[in-house]
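A.B. asks: Here it is, the structure in full.
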Amino acid sequence: MAIALIERAHAHVERAALIDDAGRWSYGELLDHSARAAGVLLDGSADLDGARVAFLVPPGLAHVQTQWGVWRAGGVVVPLCAMHPPPELGYVIDDSDATIVVAHPQHAQELRPLAQERGLRFVLTTELDAPGEVTLPDVAPERNAMLIYTSGTTGKPKGAVTTHAIVAAQIGSIVQAWEWTCEDHILHVLPLHHLHGILNVLCSAMWSGATCEFLPRFDAEATWARIADSQDLTLFMAVPTVYARLTATYTAANEARRARMGAGCQRLRLMVCGSAALPLATLEAWRQLSGHTLLERYGMTEIGMGLGNPLHGERRAGYVGQPFPGVELRLRTDDAAQPEAGGAGEIQVRGPSIFKEYWRRPEATAEVFTDDGWFRTGDIAVLEDGSYRILGRSSVDILKTGGFKVSAIEIENVLRTHDAIAECAVVGIEDAEWGQRVACAAILEQGASLTLEQLRAWGKERLAVYKVPTLLKTLEVLPRNPMGKVQKPQIAQLFAP
């Protein structure tokens, strides 16, 4: 049986699939390169039969060739993170029980010793293009396809397993929701060890016969240069930090360049933001400079995309819309009951796009599924006027203070409206009297000053709606030096209430 994602490429053999620093590659060339890679990885065997292949390859043809080559050989891809030090790379290799390690030459120095120490086969991407006839195995949809490591909020990283059928369901849901076509052209600036970059951008483009153009890494100047001059880009997807950095670069540009930047954005049909909560200030700043209201969505490694604002229609700031096609969703309270109208509950989902299991962790897998088969995301949300709003993770962002449950994300959004605060993070500090006291770490705007008393007085009325009895116990002010870098934190304590 053929792998659906790769089989679809045969309908687009003449179209441009990938653009990287080395050139432009058609779907036909990608099919040829990945078939040769599969032959090298098979090394005379008939089928990798689910063997895990860990690889660290920068964005471009070699990365996709490796990914597709592993799949076509019957293996399971285990993408590694370029920013991880050797101990963390070693952990993923060991935990996944990888038998082959593939590396681009620029990562050989890090990965070759790890492979040699473990007696594993080590392959350079430069060796994947060996010529020769290759007989590829049949790969059934129910076979494992991908193992992506996610740490969640506690414990060591766990490998989330998806099958080819699950991957196809995840991609199909995205393609339907965002109306991908073969005429689309997306600029890819995201990491390729994370579901956002793998699924939402790369795989969705390849499924659609579209063009995926890689930058070697995210760089605000290079990204703006490509967007401002583009006549062919149609899509861009990124995380809030990327949009914040692009906004800062836009602000620093002269008027003529700003005009080109804004015009470039307006030629795109869709700009998406996800992987973290989007600050309202960032959303509004981007809307002003680009004309786009960023489409916010909610997803996880374990579920693909779960919720999204509409492609057509109103996108409400601070909300993540409705379930994606094929995704069932419900809210449940601590006692597994449905919350009252407007009440908060844990997001639980089910459907063909939900992951199979945590790799070799049956107990951890059992913990995240309810008895009736729903995946427990650990995220708390409310349904308001037909749209879902995320309050945060139950284990981190939902603070329990003075008998109330408080969303750290909501408090952060309020604090960011202060003229002196550029960015902030709210956490709970254990307290014998209150359970948790609310604490804030803030980065001030350049040249701004703010005392703890001033912030507390300012926030008293604005935060009352969130039932914060202790208001802010700690403010950690991170001033910026003239070069814009954060200086060493200066910590002060607020007096007790």
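A.B. asks: Need the failing condition index for PRO59 against (1) at pLDDT below 95; (2) of a type outside the set (A, V, I, L, M, F, W, C); (3) closer than 22 Å to GLU213 by Cα, just the number.
C.D. replies: Here PRO59 clears every test but (1).
A.B. asks: In addition: Please verify whether PHE236 is under 16 Å from the mean Cα position of the chain (by Cα) and among the aromatic types (Phe, Trp, Tyr), treating the condition exactly as stated.
C.D. replies: Against the criterion (under 16 Å from the mean Cα position of the chain (by Cα) and among the aromatic types (Phe, Trp, Tyr)), PHE236 qualifies.
A.B. asks: Can you pull out the residues in region 18-72 that are assigned to a strand (DSSP E or B), under 20 Å from SER204 (Cβ atoms) and in contact with a helix residue (DSSP H, G or I) (Cβ under 7 Å, 6 or more places away or on another chain)? Spell out the reasoning first.
C.D. replies: Initially, region 18-72 is screened for residues assigned to a strand (DSSP E or B), giving 18-20, 23-26, 52-56.
Those still in the list that are under 20 Å from SER204 (Cβ atoms) too: 18-20, 24-26.
The answer is LEU18, ASP20, TRP25.
A.B. asks: I'd like to check which helices (runs of 4 or more DSSP H) are fully inside region 155-239 and have at least 3 residues that are aliphatic (A, V, I, L, M) and out of contact with any strand residue (DSSP E or B) (no Cβ under 6 Å at 6 or more places or on another chain).
C.D. replies: Numbers: elements: 164-178, 204-208, 220-229.
Filter on region 155-239 gives 164-178, 220-229.
A.B. asks: Among the listed residues ALA22, ALA2, ALA37, identify the single one that is under 16 Å from VAL134 (Cα atoms) and at pLDDT below 95.
C.D. replies: Numbers: ALA22 fails: under 16 Å from VAL134 (Cα atoms); ALA37 fails: at pLDDT below 95.
None of the other options fit; the residue is ALA2.
A.B. asks: Check ALA145, ALA140 and return the single one that is surrounded by fewer than 21 Cβ atoms within 10 Å (Cβ to Cβ) and not in a helix (DSSP H, G or I).
C.D. replies: On the way: ALA145 fails: surrounded by fewer than 21 Cβ atoms within 10 Å (Cβ to Cβ).
The match here is ALA140.
A.B. asks: While we're on this one: Taking only region 1-17 into account, find how many residues are among the acidic types (Asp, Glu) and either part of a strand (DSSP E or B) or closer than 26 Å to ASP138 by Cβ (or both).
C.D. replies: Number of matching residues: 1.
A.B. asks: Please find, within region 74-103, the residue that is modelled with the highest pLDDT out of those that are assigned to a loop (DSSP other than H, G, I, E, B) and under 23 Å from the mean Cα position of the chain (by Cα). Walk me through it before giving the result.
C.D. replies: As a first pass, look at region 74-103 and keep what is assigned to a loop (DSSP other than H, G, I, E, B): 74-75, 80-85, 97-99.
Pick out the ones that are also under 23 Å from the mean Cα position of the chain (by Cα) and you get 80-85.
Working: LEU80: 97, CYS81: 93, ALA82: 92, MET83: 88, HIS84: 89, PRO85: 89.
In this case the residue turns out to be LEU80.
A.B. asks: What are the residues in region 11-37 that are of a type in the set (D, E, K, R) and within 19 Å of TRP71 (Cα to Cα), if any?
C.D. replies: Initial filter on region 11-37 (of a type in the set (D, E, K, R)): 14-15, 20-21, 24, 29, 32, 36.
Answer for region 11-37, where residues must be of a type in the set (D, E, K, R) and within 19 Å of TRP71 (Cα to Cα): GLU29, ASP32, ARG36.
A.B. asks: Kindly list, by first and then second residue, each pair from a residue in region 234-248 that is surrounded by fewer than 19 Cβ atoms within 10 Å (Cβ to Cβ) to a residue that is among the acidic types (Asp, Glu), limited to pairs with Cβ atoms under 6 Å and residues at least 6 apart or on different chains.
C.D. replies: THR234/ASP184
The values are calculated or read from the model by the stated rules, or taken from the named source; none is laboratory data. Keep in mind it's a predicted model, so treat the numbers as computed, not measured. Note that each Cβ is placed from the backbone with ideal geometry, even for glycine, and that neighbours are counted across all protein chains shown.
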